[in-house]
Each structure stands twice: as structure tokens, then as C-alpha cells.
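Take a look at the structure set out below.
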Amino acid sequence: MSHPADAVADRSDPTGTRLVGFAEIQDAAKRIAGIATRTPLLPCSWADPDRPLWIKAESLQPIGAFKIRGAVNAVASLDPSAREAGVIAVSSGNHAQAVAYAAKRFGIDALIVIPHGAAVNKVAATQALGATVVRVPPELREQETRRLAEETGRILIHPFDDPRVIAGQGTIGLEIAEQAAQQGFSADAVLAPVSGGGLVSGLAVAVKELIPGASVFGVEPELAADAQASLRSGERTAWPVEDTWRTIADALRASSVGALTWEHLRALVDDVLTVSEPAIRNAVRELAASAQLVVEPGGAVAVAAYLSNLHQLPPGRNYVAVVSGGNVDLDAYAAILSGPPAEA
């Protein structure tokens with residue numbers, strides 16, 4: 001399905017909810033300049049010639065993931081009194097590192113709530129950036145974060161349901177459009193991972209504004225397919241924590257998209273695709289072998305969708321896959337690389 005350009009221009013969806021506007025993404029790009037990296041858009045010579053593929057390599061960010069964009073934009077937007085109070089965030093790892101990094105850059109104290117079962121390397125990296133980490137059961141992470149925010153007076157930087165975060169992530173779409181034009185092609189279809197929905201929401205705002213007729217697809221694991229279920233049913237749908245935590249893609253284990261990101265998805269995202277666990281592993285291997293990129297499972301799902309659903313993708317279009325992160329545990333990474341390719 002397609003969506004009219006004026007859905008972006010008036011920044012509202014049919015329910016009247018205000019969506020993030022393109023001007024906010026432009027402002028975010030100015031705030032994050034010099035802190036977040038303008039990552040390369042890399043052509044893939046190994047892709048299907050009838051369906052050219054480019055990779056937006058967000059795994060090359062200073063903290064190894066796209067999350068730095070939204071975190072820096074949110075922290076940079078705070079007034080002096082809010083900065084004095086400090087910030088709090090909840091994350092299984094990449095947003096945790098991003099907020100810790102942004103807080104350190106701006107001299108702000110950070111408290112990060114990380115659920116039990118999060119990747120050890122991501123927890124350690126967050127602590128190394130100077131943040132205080134609190135561990136909680138996964139099913140209590142939102143509840144405990146909001147309780148601590150109220151108790152301490154800290155400003156909550158939500159990982160996805162925050163317009164400042166969405167606008168920051170939208171700078172990826174801004175860069176894709178600009179870099180594709182510089183390389184002499186139009187990005188006809190953009191695929192991006194979905195967890196809470198902040199990335200694909202901001203991306204869709206920018207892409208729909210700058211590339212007329214372009215499609216935006218979210219991608220998530222089959223074992224954490226709440227966003228697809230939401231679009232199919234027309235209602236925001238949550239999955240049990242014990243279900244979403246089965247996937248190897250630890251960065252994509254949110255139980256549901258946010259209330260705000262849901263309105264962006266339903267207004268601007270063309271569809272959400274799902275990929276199997278073997279397809280995710282195969283994509284991690286392919287990115288290592290053919291693109292020379294270290295990518296975590298959650299960061300590889302967009303490429304997994306391209307590789308495993310190639311026959312369903314119309315030929316004659318230019319595809320861009322957002323590789324959202326590379327913060328993978330080395331032992332887990334070695335196990336993936338040493339395993340045999342699987343039937344996806």
C-alpha cells in the first residue's frame with residue numbers, strides 16, 4: 001500500500017495523533033552532527049543484479065549502533081535544569097550504550113535499567129561509559145524504569161516512544177536519500193529492523209518526504225513478530241516477554257511497538273516482513289564474508305529479509321537495507337560464523 005505525501009506534511013495520522021515532522025528530523029541532523037557518524041551507504045556487488053542492494057552501515061557508529069542518533073538528539077534537546085536532574089533509560093543494550101555515551105558527552109549523570117538476560121558485552125560497554133546500571137526482570141523493565149524516574153526526578157529517554165528519539169533516528173532516512181542521489185540512484189525500497197519502532201518510524205518520515213513513491217518496510221524476527229501482527233490486525237498488539245526473548249536477535253525483543261511509533265507505522269510504513277532464525281544467522285555470515293561487516297543478529301534482519309525473500313521482491317527496484325548494529329558477543333559471533341548455512 002502507498003501513503004500520500006501530505007501524511008508527512010501535516011504530521012498527523014487519521015486518529016489525530018501528531019507525528020514527527022520532517023523539519024524535526026532536519027533539526028536533529030544539526031544537533032547530532034559531529035557526534036553521530038554520517039555512516040556510508042555501501043553498494044553490494046554480491047546482490048542480485050536485477051534487485052541492486054545498498055547497505056546503510058549503522059554498525060559503524062561510535063557505539064556500534066544507530067541508537068546514538070536518537071539518544072544524542074534527545075539529550076541535546078534538554079534544558080539546563082533537566083540536564084542537572086540527570087537522565088534515565090531502559091534498554092537491552094544498544095540504547096543503553098547510546099544514552100550513556102550522549103550523557104557523558106554532555107556531562108550528565110545517567111541511570112540505565114537493563115533487563116536480566118541482556119547481552120553481557122552490552123552491559124559492560126554501558127558501564128564503561130560511566131552510567132549506573134540497574135538490573136531488573138524483563139517483564140518489569142518499563143514499570144521499574146518509570147518508578148525510578150519518578151523517584152529520582154530524572155528525565156526519561158525512552159528507547160523508541162519519544163518524538164526526540166524518533167526524529168534522531170529519522171536522520172538515517174535523510175542521509176539515505178542524500179547519499180543515493182549523490183551516487184546516482186533512487187532508493188525505491190528501504191528495509192529497516194523493527195523492535196519498538198523508533199527507527200522505522202523516523203526513517204519513514206524522511207524517506208516519504210524526500211523520495212516520492214519509495215516504499216518503507218520494517219523487518220522483525222518471526223519469534224518477535226508483534227509489529228507485523230499489529231499491522232495485520234489494525235490494532236497495536238503485544239506479545240508475551242517469554243515469546244519475544246526466544247529470538248537470537250536480542251536487540252529486537254520489545255514486546256510491542258510504542259503508542260507513538262504505532263501511529264507512525266500505520267500511517268507511513270508499507271508493510272512489516274518477518275525472518276526466521278536461520279535466515280538471520282545466514283545474513284550475519286553473508287555480511288561478514290561479502291561486506292566485511294561485523295553485524296549483530298538484530299542488525300542483520302533487513303539483509304536477511306532481502307536474501308530470504310528475494311523471489312518476492314519486484315525486480316528493477318533499488319533496495320537499501322539498514323544494518324542497525326554490530327554489538328555482538330564474540331563467542332556468539334564465532335558460533336554463528338562457524339555454523340553451516342541453514343535452510344531459511
Hey, Gly64 free of Cβ contacts under 8 Å to residues at least 12 places away in the same chain and under 24 Å from Ala131 (Cα atoms) or not: no
Residues (in contact with a strand residue (DSSP E or B) (Cβ under 8 Å, 6 or more places away or on another chain) and either surrounded by fewer than 16 Cβ atoms within 10 Å (Cβ to Cβ) or not assigned by TED's automatic domain parsing to the domain that holds Ala251 (or both)) located in region 324-344: Ala344
Unique residue being over 17 Å from the mean Cα position of the chain (by Cα) and touching a residue at least 24 places away in the same chain (Cβ under 8 Å) when the list is Ala206, Ala214, Ala181: Ala214
Odd one out for Ala288 among (1) under 21 Å from Gly213 (Cβ atoms); (2) touching a residue at least 40 places away in the same chain (Cβ under 8 Å): (1)
Residue in region 284-301 that is farther than 24 Å from Gly168 by Cα, among the small types (Gly, Ala, Ser) and part of a loop (DSSP other than H, G, I, E, B) present: yes
Residue in region 98-114 that is under 13 Å from the mean Cα position of the chain (by Cα), assigned to a helix (DSSP H, G or I) and either under 17 Å from Thr145 (Cα atoms) or modelled with pLDDT of 95 or more (or both) present: yes
Given (1) under 14 Å from the mean Cα position of the chain (by Cα); (2) over 27 Å from Glu142 (Cα atoms); (3) surrounded by fewer than 24 Cβ atoms within 10 Å (Cβ to Cβ), index of the condition Ala321 fails: (3)
Search result, residues across region 29-47 that are in contact with a strand residue (DSSP E or B) (Cβ under 8 Å, 6 or more places away or on another chain) and either among the hydroxyl-bearing types (Ser, Thr, Tyr) or assigned to a strand (DSSP E or B) (or both): Thr39, Leu41, Leu42, Pro43
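Table: residues versus (1) surrounded by fewer than 17 Cβ atoms within 10 Å (Cβ to Cβ); (2) of a type in the set (Val, Ile, Thr); (3) modelled with pLDDT of 95 or more.
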{"site": "Met1", "(1), (2), (3)": "yes, no, no"}
{"site": "Val8", "(1), (2), (3)": "no, yes, no"}
{"site": "Pro14", "(1), (2), (3)": "yes, no, no"}
{"site": "Gln26", "(1), (2), (3)": "yes, no, yes"}
{"site": "Lys30", "(1), (2), (3)": "yes, no, yes"}
Hits in region 145-160 - residues which are surrounded by fewer than 20 Cβ atoms within 10 Å (Cβ to Cβ) and either under 18 Å from the mean Cα position of the chain (by Cα) or without any contact (Cβ under 8 Å) to a residue 40 or more places away in the chain (or both): Arg146, Arg147, Glu150, Glu151
Qualifying positions in region 233-279 - among the hydroxyl-bearing types (Ser, Thr, Tyr) and either closer than 18 Å to Gly299 by Cβ or assigned to a strand (DSSP E or B) (or both): Thr244, Thr247, Thr274, Ser276
Single residue of Ser195, Ser201, Ser186 found to be of a type in the set (S, T, N, Q), touching a residue at least 40 places away in the same chain (Cβ under 8 Å), part of a loop (DSSP other than H, G, I, E, B) and farther than 15 Å from Gly299 by Cα: Ser186
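If you check Gly130 against the conditions, is it surrounded by fewer than 21 Cβ atoms within 10 Å (Cβ to Cβ), touching an Asp or Glu at 6+ places or on another chain (Cβ under 9 Å) and more than 17 Å from Arg154 (Cα to Cα)? Step through it out loud before you land on a result.
Working: surrounded by fewer than 21 Cβ atoms within 10 Å (Cβ to Cβ): yes; touching an Asp or Glu at 6+ places or on another chain (Cβ under 9 Å): yes; more than 17 Å from Arg154 (Cα to Cα): no.
For Gly130, the condition - surrounded by fewer than 21 Cβ atoms within 10 Å (Cβ to Cβ), touching an Asp or Glu at 6+ places or on another chain (Cβ under 9 Å) and more than 17 Å from Arg154 (Cα to Cα) - is not met.
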Condition check for Glu139: without any contact (Cβ under 8 Å) to a residue 24 or more places away in the chain and part of a helix (DSSP H, G or I): no
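The values are calculated or read from the model by the stated rules, or taken from the named source; none is laboratory data. Please read all numbers here as calculations on a predicted model, not as lab measurements. Using ideal geometry, Cβ is built from the backbone for each residue, glycine included, and neighbour counts are taken over all protein chains shown.
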